[in-house]
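Q: The structure follows.
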Amino acid sequence: MTGISGKTSTDWVAFASALAPVETIDEPVLVKKRSRDFFWFSPILERRLRSCFGDLVARPRTVAELSHCLSLAARHRVPVTLRGGGTGNYGQSVPLEGGLIIEMTGLDRILEIGPDFVRVEAGCNILALNRALGERGRELPVFPSTQDIATIGGFISGGSAGIGTVSHGMLRDDGNILELRVLSVEPTPREEVFRGGAINMIHHAWGINGVITELTLRTVPTEDWVGCIATFDNYPDCHAAAIDLALSETIRRKLCSTLDAHIGAYFDRLKGIVPPGRAMLVTLVPRGQVDTLRALVAGHGGRIDLAMDEAERVARKLPHVFEFSYNHTTLQALKSDRKVTYLQILFPAPVTVAKVVELRAVLGDDVFMHHEFARMGGKVVSFDLPLVKYTTDERLYEIMSIYESHGCPASDPHSCIIEEGGMKKADYRHLAWKKRLDPGGLLNSPKSREWTRVRDLSAEDIEALHQP
Ligand SMILES: Cc1cc2nc3c(=O)[nH]c(=O)nc-3n(C[C@H](O)[C@H](O)[C@H](O)COP(=O)(O)OP(=O)(O)OC[C@H]3O[C@@H](n4cnc5c(N)ncnc54)[C@H](O)[C@@H]3O)c2cc1C
């Protein structure tokens, strides 16, 4: 065994020199740092993944350099893990069998900005992309709360929803992703182009079935966004206001999140701004619609405690309001209490306050609800990403089963296995394309439990296992 991971027998010094002129990093501290993502949100994944490392990092700057890395890996049968900004939270970018980490951030060019689309390299930082679009009066319909660090390729491969989903749908919904260009891992890497429904062969496959090099994405007009936090005496009233906001046909909200009153206590940055002990509705609305929002909130007994545009946010040195939403809620809480963790629960359509009240009555005092409203296939749903005061693994799974027994499916964020997450079953279309584009199974294959069972079948036979 050689290398930092202790899992490979490759001569990494020789491998690094064969990669030239591609930049490489072999300093163990830096390689170990690039072997981690935000899996530490989960006490279970922290135990499981903390000693999984890669052996060498490559930082290609062009598609030709990337192709050289993939060709060399295929010829030497070296495991490959793709990495963007490393903000995934289920260990998606953690190398499970050591090997080469390909950091994509060098492929960061914005290739074309059209009237309603953008063509961009996969390693482009999302904040940089949104800024460039903003200069043309456009923005991404959906972006993650991690936009400051995340790459667009990592988001499309690892993410599913985000800021904008309440209006523009899930990433996979029609028209958000227009085209993906993907390289295979073979001695002579091939390019495949995916459009329309075929996008979902690659999207959300956690980087196990091909290397996204270039994306064409829809853009939407940008707005003069005002970040607002409204507060309420109790969670049901707050939730009722959020349902009205999510369903509104007039207010062009970019975000609609509700947080249990206990969660605010973790938010040091909001002390003195948002009063303690009140449930919070976090949203982004166009400046011209703040008064309409104010009336909606008042109609449910609430009030707006914070309304700030970008200039005021910068002047007050405050985070974006979306840094109190999605998984940033968990991150803010973890800054003051390392014993909290989270879950991911779907509240299917139609969203109701009654369902929240019903579940609140059976969940313990160790669960604080946090809902993100979303459009999924045209319907308004919500995702509860509750904060949980962690005690034992058994209790975490007990909470998930309580939600499930009340008709709210849980996707397990404490597993790094793709079939145990949101999908809960194998996506054989993903695996068929893995067979075509990664025939040697080098792209972090242990992330799929099912791959081991099907890897010797033909791509067509794997695809035939797919059940819509
Ligand atoms: C605080 C916090 C908030 C978050 N908020 C959101 C949110 O709002 N919405 C959401 O969906 N997710 C969210 N996430 C999860 C994560 O941030 C997103 O999935 C993010 O956009 C990932 O981008 P990244 O560049 O950091 O990807 P990485 O973490 O580096 O990689 C993610 C996955 O993509 C693969 N990958 C990377 N580049 C490529 C490529 N070029 N081709 C193929 N595969 C590739 C990796 O192997 C890995 O499996 C959040 C996570 C944290 C920690």
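The values are calculated or read from the model by the stated rules, or taken from the named source; none is laboratory data. None of the values given here were measured: they were computed from a predicted structure. Here the Cβ positions follow ideal geometry from the backbone for every residue, glycine too, while neighbour counts run over all protein chains shown.
Q: List pairs: first residue in the range 18-33 and within 19 Å of Ser93 (Cα to Cα) and in a loop (DSSP other than H, G, I, E, B), second residue modelled with pLDDT of 95 or more and aromatic (Phe, Trp, Tyr) anywhere in the structure, Cβ distance under 9 angstrom, at least six positions apart or on different chains.
A: The qualifying pairs are Asp26/Trp12.
Q: For the range 403-426, which positions are without any contact (Cβ under 8 Å) to a residue 60 or more places away in the chain, closer than 16 Å to Ile208 by Cα and not in a helix (DSSP H, G or I)?
A: Passing the criteria: Ile417, Met423, Lys425, Ala426.
Q: Assuming Met376 fulfils every condition listed in (1) within 14 Å of the ligand (Cβ to nearest atom); (2) out of contact with any Leu (no Cβ under 9 Å at 6 or more places or on another chain) apart from one, which condition is it?
A: Looking at each condition in turn, Met376 falls short on (2).
Q: Pro468 passes all but one of (1) modelled with pLDDT under 95; (2) under 21 Å from the mean Cα position of the chain (by Cα); (3) surrounded by fewer than 21 Cβ atoms within 10 Å (Cβ to Cβ); which number fails?
A: All conditions pass for Pro468, except number (2).
Q: Quick one: which of Val297, Val274 is within 18 Å of Asp260 (Cβ to Cβ) and either of a type in the set (S, T, N, Q) or at pLDDT below 95 (or both)?
A: Val274
Q: Right, here's the next one. Going through the range 427-453 one residue at a time, which ones are among the charged types (D, E, K, R) and part of a loop (DSSP other than H, G, I, E, B)?
A: Asp427, Asp438, Arg449, Glu450 - these are the residues of the range 427-453 that are among the charged types (D, E, K, R) and part of a loop (DSSP other than H, G, I, E, B).
Q: Same structure, new question: For the range 162-193, how many residues are of a type in the set (A, V, I, L, M, F, W, C) and surrounded by fewer than 21 Cβ atoms within 10 Å (Cβ to Cβ)?
A: Going through the range 162-193 one residue at a time, the tally reaches 3.
Q: Continuing with the same structure: Could you list, in sequence order, all residues of the range 319-363 that are within 12 Å of Tyr390 (Cα to Cα) and more than 11 Å from the ligand (Cβ to nearest atom)?
A: Residues satisfying the conditions are Asp337, Arg338, Lys339, Val340, Thr341, Leu343.
Q: In the range 307-326, which residues are more than 22 Å from Pro144 (Cβ to Cβ) and assigned to a strand (DSSP E or B)?
A: Hit for the range 307-326 is Ala307, nothing else.
Q: Moving on to the next point. Within the range 86-133, count every residue that is away from the ligand (no atom under 12 Å from the Cβ), more than 25 Å from Leu30 (Cβ to Cβ) and not polar (S, T, N, Q).
A: 13
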